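Colleague: Mind having a look at this structure? Questions to follow.
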């Protein structure tokens, strides 16, 4: 890894345009980061989702597909109402 002080000095010497490009690059990198979910959280998620899985066991494939379509529609509606949250 690069020496951070050297990196900081190089950043301080960037023009405004170069700095903006660096900022954009860093933002893109942050979006590409994968977040690891701790195992204890996976257990909690599984417990929360258990009723949904049990209900899905009683549903036909058409009912499941309709529920998925409804959820997708709701997410799209929320994104249109709050575009800054994407």
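The values are calculated or read from the model by the stated rules, or taken from the named source; none is laboratory data. Because the structure is predicted, anything quoted here is derived from the model rather than measured. In this analysis, Cβ positions are derived from the backbone assuming ideal geometry, glycine residues included, and neighbour counts consider all displayed protein chains.
Colleague: Looking at segment 21-42, I want the residues that are on the phi < 0 side of the Ramachandran plot and have a partner that is assigned to a loop (DSSP other than H, G, I, E, B) and at pLDDT 90 or above with Cβ atoms under 9 Å, at least 6 apart or on another chain. Which pairs are those?
Modeller: Sorted first by the residue in segment 21-42, then by its partner, the pairs are 21/14; 22/14.
Colleague: Which is within 18 Å of the chain's Cα centre (by Cα), modelled with pLDDT under 90 and not in a loop (DSSP other than H, G, I, E, B), of 40, 27?
Modeller: 27
Colleague: Kindly evaluate residue 7 against the criterion of being assigned to a loop (DSSP other than H, G, I, E, B) and outside the structural domain of residue 71 (by TED's automatic domain parsing).
Modeller: No; evaluated as a whole, the condition is false for this residue.
Colleague: Still on this structure, please answer the following. Among the residues of segment 76-84, is any over 27 Å from residue 30 (Cα atoms), part of a helix (DSSP H, G or I) and without any contact (Cβ under 8 Å) to a residue 60 or more places away in the chain?
Modeller: No: segment 76-84 contains no residue that is over 27 Å from residue 30 (Cα atoms), part of a helix (DSSP H, G or I) and without any contact (Cβ under 8 Å) to a residue 60 or more places away in the chain.
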